[in-house]
1. Can you name every residue in the stretch 72-87 that is open to solvent by less than 100 Å² (accessible area, probe 1.4 Å) and either modelled with pLDDT under 90 or in contact with a Leu (Cβ under 6 Å, 6 or more places away or on another chain) (or both)?
2. Take Asp35 and tell me if it is modelled with pLDDT of 95 or more and acidic (Asp, Glu).
Amino acid sequence: ADIAMRFRTALADYLKRDVKTIKLTDALQNDLGLDSMATIELVYQIEDAFNLEIPDQDLAKLITVANVIAYIEGNVPPTRQVSAKPPSPRPKPKKKG
């Protein structure tokens, strides 16, 4: 959900629209009006924001907002989960002698 919201917010900023008007089913070109140049700019922003690289052959898969979010979620390395419990204390070494 975090990736979806981050992407939709970035897209809304880029398009100068309210994020609530951008639906998952919106097609980047047909519904949101991105031309090929704007789509490429958006790809650069996605790569920068999510620290990933989108190969040219994958661009054809990025048709709708949902496609882009699924692509990002599938390609962003998972963040390391921090354990909720503290690590077990190490036993103190016994003194010799």
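The values are calculated or read from the model by the stated rules, or taken from the named source; none is laboratory data. Quick caveat: nothing in here was measured; it's all calculated off a predicted structure. Note: ideal-geometry Cβ built from the backbone for every residue, glycine included; neighbour counts use all protein chains shown. Note: accessible area is taken over every heavy atom of the protein model, side chains too, but ligands, DNA and RNA are not part of it. Shrake-Rupley method; radii C 1.70, N 1.55, O 1.52, S 1.80 Å.
1. Asn75, Val76, Pro77, Ser83
2. The answer is no for Asp35.
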